[in-house]
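Trainee: Take a look at the following structure, please.
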Amino acid sequence: MHDPGSTAKRPVDATEMSDDERYAALADLAARITVCRACPRLVEWRERVAVEKRASFRDETYWGKPVPGFGDPDARLVVVGLAPAAHGANRTGRMFTGDRSGDFLFAAMHRSGFASQPTSVSIDDGLVLHDAYVTSPVRCAPPQNKPTVIERDTCRPFLDEELTLLPWRVVIVLGGFGFGVMASMLGLKPRPKFGHGVEVPLPDGRILLGCFHVSQQNTFTGRLTPSMLDDVFERARELIDQG
Ligand code: SF4
């Protein structure tokens, strides 16, 4: 495992914190994430993509750094993806922002009342999440959207810390990669099998929900349709309201 240096996880006990302390800890975490250089392959890739750019974005300044989570610091729903897209979040600096996957995701979150608008094009587009937070287990865009096992494990403490600081009741995990990370982080044994609509109750009453990833590979082929995604967010809403 690479040395995460000054960005390493710090001990957190959110139950002892006031809301203001929690918000400050989330902001501190985001600041530490954005300067992390622990994974040499991903640092090289995210920065190279930011210089070479896609032709259609040649006039834009890419973010080119790790991407922190974003949303409501009092969120009871957390949405966990995989990693930033090279020309999406790695360009805009906000999770699921500036690509087709984000269009699909935030349209559904808007329909279910978790997002103020159905589009997500830039970090300053006015999008506000209500009772929801969007994040991922890996914060740097990986080549072919495939982080290595070492990169996954090196980055995981950031997600662990973020989830400790959020008062979540339900996590929707998009895709098998994030589902595996969450199951391992939560110490679930036997390891639950990922599937769309899978619902895993945790011993403390919180719930893990599986959902196919909003990648174009799934949405273009119809493996994941808007109504399938709506069902998952509706279920999350029901569970939150029951809790
Ligand atoms: S993937 Fe995570 S641990 Fe690795 S360099 Fe990026 S932010 Fe740091």
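Any read-out appearing in this document is the output of simple, stated calculations on the displayed coordinates, not a laboratory observation. Computed from a predicted structure; not experimentally measured. FYI the Cβ positions are ideal-geometry reconstructions off the backbone, even for glycines, and counts take in every protein chain you see.
Trainee: With θ set to phi - 60°, apply the Karplus curve 6.51 cos²θ - 1.76 cosθ + 1.60 along the range 183-188 and write out the HN-Hα couplings as whole Hz, x wherever there is a Gly or Pro.
Mentor: Using θ = phi - 60°, the values come out as 4, 5, 4, 8, x, 6 Hz.
Trainee: Of Pro142, Gly243, Leu82, which is farthest along the charge dipole of the chain in the positive direction, counting Lys and Arg as +1 and Asp and Glu as -1 at C-beta?
Mentor: Positive-most Cα among the choices belongs to Pro142.
Trainee: So, in Å, what gap is there between the alpha-carbon centers of the range 123-191 and the range 37-57?
Mentor: 21
Trainee: Can you tell me which of 227-236, 96-105 comes out highest on packing, and rank the rest after it, using the mean Cβ neighbours within 10 Å?
Mentor: Sorting 227-236, 96-105 by mean packing, highest first, produces 96-105, 227-236.
Trainee: Find how much the distance from Gln217 to Glu21 grows on full extension, using 0.36 nm per residue of separation minus their present alpha carbon separation; answer in nm with one decimal.
Mentor: Extra length available between Gln217 and Glu21 comes to 66.5 nm.
Trainee: Please name whichever of Val170, Val49, Leu159 sits farthest to the positive end of the charge dipole of the chain, dipole taken about the Cα centre and charges placed at Cβ: Lys and Arg +1, Asp and Glu -1.
Mentor: Val49
Trainee: Evaluate the charge dipole of the range 123-243 about its Cα centre and quote only its size in Debye, nearest 20, assuming +1 on the Cβ of each Lys and Arg and -1 on the Cβ of each Asp and Glu.
Mentor: 600
Trainee: List, in order, the whole-Hz ³J(HN,Hα) value for each residue of the range 73-82 obtained from phi through the Karplus relation with A = 6.51, B = -1.76, C = 1.60 and θ = phi - 60°; use x for Gly and Pro.
Mentor: x, 9, 4, 9, 10, 10, 10, 10, x, 10
Trainee: Okay, moving on. When a/c reaches 1.5 or more, the comparison of a/b and b/c decides; with that in mind, is the range 32-166 rounded, prolate or oblate per its Cα gyration tensor?
Mentor: oblate
Trainee: A further question follows. What's the extension gain from Phe57 to Glu238 if we count 0.36 nm per residue and subtract their Cα-Cα distance?
Mentor: Taking 0.36 nm per residue and subtracting the Cα distance, the gain is 61.2 nm.
Trainee: Note down the magnitude of the dipole of the chain about its Cα centre, charges +1 on Lys and Arg C-beta and -1 on Asp and Glu C-beta and zero elsewhere, to the nearest 20 debye.
Mentor: It works out to roughly 1020 debye.
Trainee: Taking Rh as the Kirkwood radius computed over C-alpha pairs, what is the Stokes-Einstein D of the chain at 37 °C in a medium of viscosity 0.692 mPa s, expressed in µm² per second?
Mentor: My calculation gives 182 µm²/s for D.
Trainee: Right, next: Quickly rank 118-126, 63-71 as a protection proxy: mean count of other C-beta atoms within 10 Å, highest first.
Mentor: Per-residue Cβ counts within 10 Å, averaged per peptide and sorted highest first, yield 63-71, 118-126.
Trainee: I've got another one for you. Below 11 angstrom from the Cβ of Ala108, what's the summed charge of the other residues (Lys, Arg +1; Asp, Glu -1)?
Mentor: Residues near Ala108 contribute -3 overall.
Trainee: Got a sec to turn the phi values of the range 160-174 into Karplus ³J(HN,Hα) couplings, 6.51 cos²θ - 1.76 cosθ + 1.60 with θ = phi - 60°, whole Hz, x for Gly and Pro?
Mentor: Values, residue by residue: 4, 5, 4, 5, 5, 8, 10, x, 5, 10, 9, 10, 9, 10, 8 Hz.
Trainee: Now, a different point. Would the range 95-224 count as rounded, prolate or oblate if I go by the C-alpha gyration tensor, calling it rounded below 1.5 in a/c and otherwise prolate when a/b exceeds b/c, oblate otherwise?
Mentor: It comes out rounded by the Cα gyration axes.
Trainee: OK, next. Please identify which residues in the range 70-87 have an amide N closer than 16 Å to a label point set 7 Å out from the Cα of Ile123, following the Cα→Cβ vector.
Mentor: 70-71, 84-87
Trainee: Let's test the formula: R0 of 41 Å, r as the Cβ-Cβ distance of Ser227 and Lys189. What FRET efficiency results, to the nearest 0.05?
Mentor: The calculated FRET efficiency here is 0.75.
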